[in-house]
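Readers should treat all values here as calculations from the given coordinates under stated rules, not as data from a laboratory. Quick caveat: nothing in here was measured; it's all calculated off a predicted structure. Methodologically, a virtual Cβ is constructed for each residue, glycine included, from the backbone with ideal geometry; neighbour enumeration extends over all protein chains shown.
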């Protein structure tokens, strides 16, 4: 299989952020032959009688039917085999993400978790922004659902580039898929480059402390680190968009943590839930909870001087402001929620 072309990250940013057209494969569909005034068709210099009309019982072809989908699929496979596709220097494959990865996640998002999205218009239509969200659920499905929410519901068709922990890029297969989906290492340098290039970057500052907390502490935000995400936003001069996610806490109710086993396996924790590991692989199936993802009012940072990124008091205040806004919204959404599952 041929290698993909790597495009410099700073070149043609508007094209890099453009969602590929769903009709890219149409060029491989041959045009219909010219039609004579009497209804006959001419092909290759010979005159042919028009085809017989379809029987009344035959169903009319649906708009954008299987022929078009087949042509698009074959064109996509051809580009994969020949290497006629592009990735940026972080490994992000926009075409694969749009046409394959999002298609795989969308049924989970729409049918299983039935995610309701609010305030997505608070994410800017252009330019960089840092989306800061709470983290929960034992497995990081909340980040993936947030990525689908931005991809499918933002009016400008923005893409969310998530910052992920080192462990993600140490796992086989997961490492490659994460890169293809636009995730990158949670470090200030990568985040700042993405933000200055006009990308939407997602971060969950609670990290493993949030995703691996006991079920008894659900929806209680853990410490947001040292405010590194605020410093990154200040350096890039982009707004911070708080994001609150309700529903992820209950997909794997973590009742205990097998710490010894976690150390042996090199994991930050080993969850014990009502179903895992007691039911084996079946116990790894998440509970079908009802989710709500709400994007809050953006907090601007472009009014601060450049040296503000080095001011620890300012970083502490902004970090606390973001955290309080997310926590307040979580409580509000929990009060409005009718049921965990409906």
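Looking only at strands (runs of 3 or more DSSP E) that lie completely in segment 62-168, which have at least 1 residues being in contact with a helix residue (DSSP H, G or I) (Cβ under 9 Å, 6 or more places away or on another chain) and surrounded by fewer than 20 Cβ atoms within 10 Å (Cβ to Cβ)? Let's see the steps before the verdict.
Numbers: elements: 86-88, 116-118, 129-133, 160-164.
Filter on segment 62-168 gives 86-88, 116-118.
Within segment 278-303, track down each residue that is surrounded by 12 or more Cβ atoms within 10 Å (Cβ to Cβ), in contact (Cβ under 8 Å) with a residue 24 or more places away in the chain and more than 24 Å from the chain's Cα centre (by Cα). 301, the sole residue that qualifies. Only residues that are closer than 20 Å to residue 112 by Cβ, touching a helix residue (DSSP H, G or I) at 6+ places or on another chain (Cβ under 8 Å) and free of Cβ contacts under 8 Å to residues at least 24 places away in the same chain were counted in segment 264-277, giving 1. For segment 312-332, the criterion of being in a loop (DSSP other than H, G, I, E, B) and either within 24 Å of the chain's Cα centre (by Cα) or buried (at least 18 other Cβ atoms within 10 Å of the Cβ) (or both) is met by no residue.
The set of residues from segment 210-249 being within 17 Å of residue 286 (Cβ to Cβ) and either touching a strand residue (DSSP E or B) at 6+ places or on another chain (Cβ under 7 Å) or buried (at least 20 other Cβ atoms within 10 Å of the Cβ) (or both) comprises 210, 211, 212, 213, 245, 246, 247, 248, 249.
Taking first residues from segment 218-230 that are in contact (Cβ under 8 Å) with a residue 12 or more places away in the chain and at positive phi and partners that are part of a loop (DSSP other than H, G, I, E, B) and surrounded by 14 or more Cβ atoms within 10 Å (Cβ to Cβ), the Cβ contacts under 6 Å between residues at least 6 apart in sequence or on separate chains come to 225/205.
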